[in-house]
Structure formats: structure tokens, C-alpha cells
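The values are calculated or read from the model by the stated rules, or taken from the named source; none is laboratory data. The shown structure was predicted, so the numbers you read here are calculated from the model rather than taken from an experiment. As a convention, Cβ positions derive from the backbone with ideal geometry for all residues, glycine included, and neighbour counts pool all protein chains shown. These accessible areas exclude ligands, DNA and RNA; they are computed on the full protein's heavy atoms, side chains included. Shrake-Rupley method; radii C 1.70, N 1.55, O 1.52, S 1.80 Å.
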Amino acid sequence: MSNALLQTELGNLPLIARGKVRDIYSLGSAPDADLLFVASDRISAFDHVLGSGIPDKGKILTQLSLFWFDFLGDLTRNHLITAEAAQFPAELQPFLSQVAGRSMVVRRAQMFPVECVVRGYLSGSGWKDYQQTGMICGVPLPAGLHESDRLPEPIFTPAAKNNVGHDENISFDQMILTIGREHAVALRTLTLSIYKKASDYAATKGLILADTKFEFGLIDGQITLADEVLTPDSSRYWPAASYSPGGPQPSFDKQYVRDYLESIRWNKQAPAPSLPDEVITRTREKYLEAFRLITGSEELDEGLGV
Ligand code: ATP
Ligand code: MG
């Protein structure tokens with residue numbers, strides 16, 4: 001098995017941010033310079049980056065995003081410039097072994113400080129909110145729903161992006177106060193139509209897309225889909241065959257990891273543990289299975305052309 005890439009080192013290229021999974025670089029020093037998003041093989045659980053990576057996870061996430069950007073092309077513009085290593089700028093060429101197959105060069109957008117979450121099923125923070133208030137983000141729901149139930153129709157439940165700590169569910173009215181009515185309405189409509197198209201497609205592959213989150217920004221004044229899209233990191237996918245509402249559903253990709261972490265009774269504080277080889281191997285297989293199911297490709301693209 002290949003080794004996991006835990007962190008990139010790209011010489012003098014300015015690192016803008018290191019998220020839980022991605023390393024983001026600026027391609028040039030202009031304030032509107034393009035960005036390089038590299039998805040590492042880091043994996044997080046319970047809000048911590050674990051001590052072990054999952055080999056090829058970053059390639060899988062990047063290639064899933066690329067599939068979906070293309071699939072959604074008739075609904076929305078996106079920030080992608082290229083994911084082909086041969087077209088990467090010259091300063092990246094010495095680093096192809098780190099970046100090829102797992103990276104996207106993108107236009108820098110003025111991001112809306114809102115996560116556009118859409119839910120077709122009752123789970124996660126939505127289920128918590130519903131139990132307390134009967135609503136999610138101010139959207140009233142019928143009484144008597146159970147955890148993981150399918151909602152009467154998909155709902156838009158935005159979250160404010162917090163620089164520290166957790167994103168916070170907000171009402172649509174609060175979103176309007178933050179970014180203005182016109183943009184808020186446009187993002188809600190777009191989010192719901194993307195979810196419809198993507199979840200219909202996922203269903204044909206035996207997957208329930210329970211919920212997902214998109215991030216949009218403005219490029220040349222136009223609303224543009226940015227960030228990663230419809231990856232297991234930004235979305236809840238459930239196998240339709242074993243769907244059984246009335247409790248939490250096993251995570252498609254991270255269940256072995258979560259089960260292992262529960263079994264060792266880790267206190268969910270840093271430092272996060274490493275994973276045994278068997279958990280790594282089985283988790284990698286799950287990511288590959290998601291990739292194959294969704295894209296219909298058997299093999300990962302190494303990003304180096306043929
Ligand atoms: P987490 O690891 O919990 O997701 P994070 O969101 O800070 O934390 P990343 O997701 O790796 O880490 O960070 C990506 C950042 O880049 C996000 O703030 C996202 O809004 C931003 N972003 C995505 N696409 C673009 C773009 N085209 N232009 C500018 N910023 C972008
Ligand atoms: Mg993020």
C-alpha cells in the first residue's frame with residue numbers, strides 16, 4: 001500500500017491555510033491570485049485530525065469534487081481552473097509527486113461567510129435542533145419525526161462560518177442580514193436545485209445523500225460554486241440497502257474509524273490516536289467504493305496525463 005500524504009511542503013509557495021484535510025496555497029502574491037487546493041490524506045473524526053492518514057483519500061476527495069463540478073455544470077459555474085498536473089504553473093512542477101491527482105488550481109472567490117447546508121433527512125445537528133425546537137434553522141417541521149427520517153421535502157438550513165469553533169446554524173432571515181436578500185435567495189434556490197440533481201443521481205447508485213453543504217463565492221461578480229463538493233467529508237452518504245430510520249445510520253466512510261475510536265475509549269481530547277493498519281485498509285476501501293460507485297471509474301487518476 002502506498003503511504004499516506006499527511007502534509008505538503010511546497011518550497012516557497014505561500015501557504016494560506018491548513019484545514020483539517022486541505023492545504024491551501026496562493027499561486028502568486030496578487031490579492032486575487034489563483035489558489036492551489038491540495039487534499040491531503042489526513043482524516044478527522046470527532047473534530048480531531050487523527051495520527052494516521054488514509055492513503056489516497058485526498059485523491060479520492062479531489063476526484064469526486066471534479067466529477068460533481070462537471071456533473072453540475074448546467075446548474076452552476078464553479079471555481080475550477082484545472083486539475084491536470086501538466087497544466088499547473090511552472091512553480092508547481094517540482095512538486096508533482098505531492099500534488100498530482102489530489103489538487104485543484106482554482107480562481108480565488110470572495111466567499112460568502114455562510115455554509116449552504118441542505119438536508120433531505122433528519123440527522124446530525126438538524127436532529128438535535130429538531131428535538132429541542134421542532135424546527136431546523138427556523139424551518140418548522142412536522143411533529144413526531146424520528147432520527148434519520150426522510151423529510152417531507154429537502155430544506156435549506158444555512159450556517160454561519162465561524163473562524164474558531166463550530167459553524168452555527170442560522171435562520172434564513174439572519175442569512176439575509178449577513179449577505180443581502182438577493183444573494184440569499186439565489187443561494188437557497190441554487191443549493192436546493194443542486195441537491196435535487198445530485199441526490200437523484202446518488203439514488204441510482206444505491207446511495208442516499210442525506211445532507212450536504214456547499215460554499216459559494218463571487219468571481220467577477222457572479223455567484224460561483226467553490227470549495228469541495230459532495231465529497232464524503234462535506235456530505236452524509238448512506239447505503240440505501242441498509243437504511244433504517246429511528247436511530248443514527250452508519251457513516252459510509254468513517255464508520256470503522258468511529259467504531260475503533262469508541263472501542264479504545266479515547267477521551268476525544270488532543271492528541272488524537274493513530275489507527276491500526278486494518279482500520280486504515282478497510283477505511284481506504286470504503287473511500288474507494290464511494291469513488292467507484294459515484295464516478296463509475298475503476299481507477300484513480302494519478303493526474304499525470306497518459
Ligand atoms: P475544516 O478543515 O474544518 O473544513 P476549514 O474550512 O478552515 O476547516 P478548509 O475547508 O480546508 O478548512 O478551508 C478551505 C477554505 O477555503 C474555506 O474557508 C473556504 O471557504 C475557502 N475557499 C474555498 N474555495 C475558495 C475560493 N475559490 N476562493 C477563496 N476561498 C475559498
Ligand atoms: Mg472547510
Surface per residue (accessible, 1.4 Å probe) for segment 111-242, Å² = 45
ask   = For residue 254, which lysines qualify as cross-link partners when the Cα separation must be under 21 Å and same-chain residues fewer than eight apart are set aside?
value = 20, 57, 59, 128, 205, 213, 268, 286
request  = Would you list, by chain and number, the aspartates and glutamates whose Cα falls below 13 Å from the Cα of residue 161, excluding same-chain residues fewer than 8 positions away?
outcome  = 115, 215
message = Can you tally the net charge around residue 90? Count Lys and Arg as +1, Asp and Glu as -1, for every other residue whose Cβ sits under 15 Å from the Cβ of residue 90.
response = -3
task = Give the carbon-plus-sulfur fraction of the accessible surface of the chain in %, rounded to a whole number; probe 1.4 Å, heavy atoms of protein chains only.
result = 50
query = What's the extension gain from residue 90 to residue 167 if we count 0.36 nm per residue and subtract their Cα-Cα distance?
reply = 24.0 nm
key: Dimensionless Rg/Rh of the chain - Kirkwood Rh, Rg from C-alpha atoms   = 0.95
query = How much mean residue ellipticity at 222 nm does the chain get from its helices, if each DSSP H run of length 4 or more adds -39500 (n - 2.57) and you divide by all residues, to the nearest 500 deg cm²/dmol?
reply = -9000 deg cm²/dmol
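Could you size up the charge dipole of segment 111-242 around its Cα centre, putting +1 on the beta carbon of Lys and Arg and -1 on that of Asp and Glu, and report it in debye to the nearest 20?
300
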query = Looking at segment 198-306, which GluC sites (Glu not before Pro) are DSSP coil and have at most 10 other C-beta atoms within 10 Å of their C-beta?
reply = 298, 299
